[in-house]
Amino acid sequence: MKYFAFSSSFAKIIIYIFSFVLAASATHIHEGFLHCLTSHISNSTSTPNPIIYTPKNPSYLTILNSSIQNPRFSSPSTPKPFLIVTPFHVSDVQATVYCSKKHGMQIRTRSGGHDLEGRSYVSNTGSNYVVIDLRNLSSINVDVKSKSAWVQAGATLGELYYNIAKRSGVLGFPAGDCHSVGVGGQFGGGGYGFLTRKYGIAADNILDAQLIDAEGRIHDRKSMGEDVFWAIRGGGAASFGIILAWKLRLVDVPSKVTVFEVNRNFEQDETKKLFHRWQHRADKVDEDLSFYPRFVAANSTYGEGNKKIILVASF
């Protein structure tokens, strides 16, 4: 018993010392990283607006939680980044990449924040990571003559569509229908939308991109190579670097469109049969018609074994 008590006490001491060493090491890393970042960003940025937010900053949680779509990732128990960087210039992103690599900090890149799994702002490394929030890199330049546009990765789909519509009433872009989704994440993941049947997904209509690699170098389509350019358009762009901007091919759209919605009540088995038939007919429907189905559970008066489903279809 004495040996067991001694061993138990010794183990606790070892764990305490080890925890203290880890905490001291993390503090040293954080201090070195922050010093590196402030020195590099202060030399490259003239804007008076804040760029770096640490937990001591009163706006830290506001910035962090501003675009979180899944409430469980805004709970107190969720790991928080050591700091958040909201770059105004490309050089700010390069400085963050350089200092993160130098001091062993992981990077999470956030565009619109619609990642429901929190991968753009949560890490399993405790607080040894930094979030680059691209909200301030959101410029959009539309060229009607060439039917193209450059859009920075911090812009939202709503901002993109608005800027296209300001310049032309007969041009559009085939991406999603939620206005607050960031273009950085959606295009990097493919980008499905109402125009997909006619023009393909967003990734099919990307002509070029600007990417920062792990060395802080900026690449375009030519310098990154066709393999990487293919991968960032649907394979999760953050796996290959930080996307700064996308060049888009704009598509022709009519000045007026017709949208309507149809609701139908079905038993569960009928719903399956309907979609089985649709699978064999969808490819024969005119490509100008988009079809968005969704299901809503309905209360049934036929007992628990005969639940009804409401099919809501938007055309």
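Each value in this text was obtained by applying a stated rule to the coordinates, not by laboratory testing. Note that the structure is a prediction, hence the values are computed from the model and not measured. Note: ideal-geometry Cβ built from the backbone for every residue, glycine included; neighbour counts use all protein chains shown.
Between Glu270 and Lys147, residue separation times 0.36 nm minus the direct Cα-Cα distance comes to 39.8 nm.
Net charge around Glu159, counting only other residues with Cβ within less than 12 Å of its Cβ (Lys, Arg = +1; Asp, Glu = -1)? My count for the surroundings of Glu159 gives +2.
Computed from the Cβ-Cβ distance with R0 of 25 Å, the FRET efficiency linking Ile63 to Lys166 stands at 0.30. Applying 1/(1 + (r/R0)^6) with r as the Cβ-Cβ distance of Asp252 and Asp283 and R0 = 25 angstrom yields a FRET efficiency of 0.65. Here r is the Cβ-Cβ distance between Asn263 and His35 and R0 is 51 Å; the resulting FRET efficiency, rounded to 0.05, is 0.25. Close amide H pairs (under 5 Å, H built 1.01 Å from N) link Val181 with Leu157, Gly158, residues at least 5 positions away or on another chain. Charged neighbours of His280, selected by a Cβ distance under 15 Å, balance to +4 (K, R count +1; D, E count -1). In plain terms, the residue of Glu270, Glu215, Glu159 with the fewest other Cβ atoms within 10 Å comes first and the most crowded comes last, giving Glu215, Glu270, Glu159.
Net charge near Ala149, counting Lys/Arg +1 and Asp/Glu -1 over other residues with Cβ under 9 Å of its Cβ? Please list the in-between numbers first.
Numbers: positive: Lys147, Arg167, Lys247, Arg249; negative: Asp143.
That sum, taken over residues with Cβ under 9 Å, equals +3.
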